[in-house]
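Right, one structure below, let's go through it.
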Amino acid sequence: MQQTTLEKIAPTVEQAVEEGLQELGLRRDQVEVEVIDGGSKGLFGLGNREVRVLLRVLPEETEALDINAAFEKIESVSKKSEPVEGDFDIENAREITKETVEELLERMDVRATVNVQLGESDNHYMQPILVEIEGNDLSILIGRKAETLDALQYITRLIVGKELGRSVSISIDVEGYRMRREINLRKLAQRMASQAVSSGRKQSLEPMPANERRIIHLELRDNESVSTESWGDEPRRKVVIVPKF
């Protein structure tokens, strides 16, 4: 059975990751890297603490999400129903979202429980619809770097938007994956910011999608010791943390 996690200690993050990849026999795009300890330099070079990273093996690609079947569902929705007219009913949107996700999971032969609730709104936007999918061993719904989960969310938005005749804010999570990922990203941002300040050097994070880069930027927005920038082109665009002198 393929090892799913590996912790490595080395003088630098790059060296720890490289040694971990060699031990696992994987490429860089097949793992997710979390810096657990950014290390530190002791006084006059004494008492140095090496960095510690955790490598998580990403799930293999899967064909469980049938994109063609999902878009057939979109076509059937557009043929059988007209856009809802009149005042927007958020409760109706919530029910349609639940039914849509349940039908997509059935088409994917995935057994799971779908819980849907309304999130908080502000003065400018409607309440978002929050979908939580729970069950046993649902990593197949997440996919590599959450690609399957993002596709499921995108398709659900299209289907529900077609049926309601307007766009709706829908967020889908699987067993708290997005929440755990956000917490880990915020912790990573603080650790790497501290490392940037202590070393006086820029710290580059691994390439991330736009929504994850935004979490890093927001987490460090009020940090007076560092600034953040996004460098590179998609899909290798990454956040760089810059110490302020």
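With a 10 Å radius around each residue's Cβ, average the other Cβ atoms per peptide and rank 26-38, 219-231, highest first.
26-38, 219-231
Would you kindly calculate the mean projected area, averaged across all directions, of the convex hull enclosing the Cα atoms of region 198-245, in square nanometres?
So the mean shadow area of the Cα hull is 3.2 nm².
Bin width 10 Å, alpha-carbon pairs only: give the P(r) of region 117-241 as whole percents, running from 0 to the bin holding the largest distance.
With 10 Å bins starting at 0, P(r) equals 11, 33, 32, 19, 4, 0.
Say the dipole of region 104-169 comes from +1 at the beta carbon of Lys and Arg and -1 at that of Asp and Glu; which of 159, 135, 119 then lies farthest toward its positive end?
The listed residue farthest towards the positive side: 159.
Using only Cα atoms, what Kirkwood radius does region 172-235 have, in angstroms?
Result for region 172-235 stands at 12.6 Å.
Take each of the peptides 10-20, 97-107, average the number of other beta-carbon atoms within 10 Å over its residues, and list them starting from the highest.
Descending packing order for the listed peptides: 97-107, 10-20.
With the cut-off at 24 Å, tell me which of the pairs 8/145; 162/238; 8/244; 98/162; 8/238 have Cα atoms farther apart than that.
Beyond 24 Å: 162/238; 8/244.
Using each residue's phi in region 198-212, evaluate 6.51 cos²θ - 1.76 cosθ + 1.60 at θ = phi - 60° and report the 3J(HN,Hα) Karplus result to the nearest Hz, with x for Gly and Pro.
Working through the residues one at a time gives 5, 8, x, 10, 5, 10, 9, 8, 5, x, 9, x, 4, 5, 7 Hz.
Short version: ³J(HN,Hα) in whole Hz for each residue of region 172-178, in order, from phi by Karplus 6.51 cos²θ - 1.76 cosθ + 1.60 (θ = phi - 60°), x for Gly and Pro, what are they?
10, 10, 10, 6, x, 4, 5
What does the charge dipole of region 105-245 about its Cα centre add up to, to the nearest 20 debye, if the Cβ of each Lys and Arg holds +1 and the Cβ of each Asp and Glu holds -1?
Its charge dipole is roughly 600 debye.
Quick one: Karplus J couplings for region 148-156, per residue in order, coefficients 6.51, -1.76, 1.60, θ = phi - 60°, nearest Hz, x for Gly and Pro?
Once rounded to whole Hz, the list reads 5, 4, 5, 5, 4, 5, 4, 5, 4.
What whole number of Å gives the distance from the Cα centroid of region 195-230 to the Cα centroid of region 17-34?
22
Every number in this text was worked out from the coordinates using simple rules, so none of it is lab data. Fair warning: this is a prediction, and the values are worked out from it, not measured in the lab. Methodologically, a virtual Cβ is constructed for each residue, glycine included, from the backbone with ideal geometry; neighbour enumeration extends over all protein chains shown.
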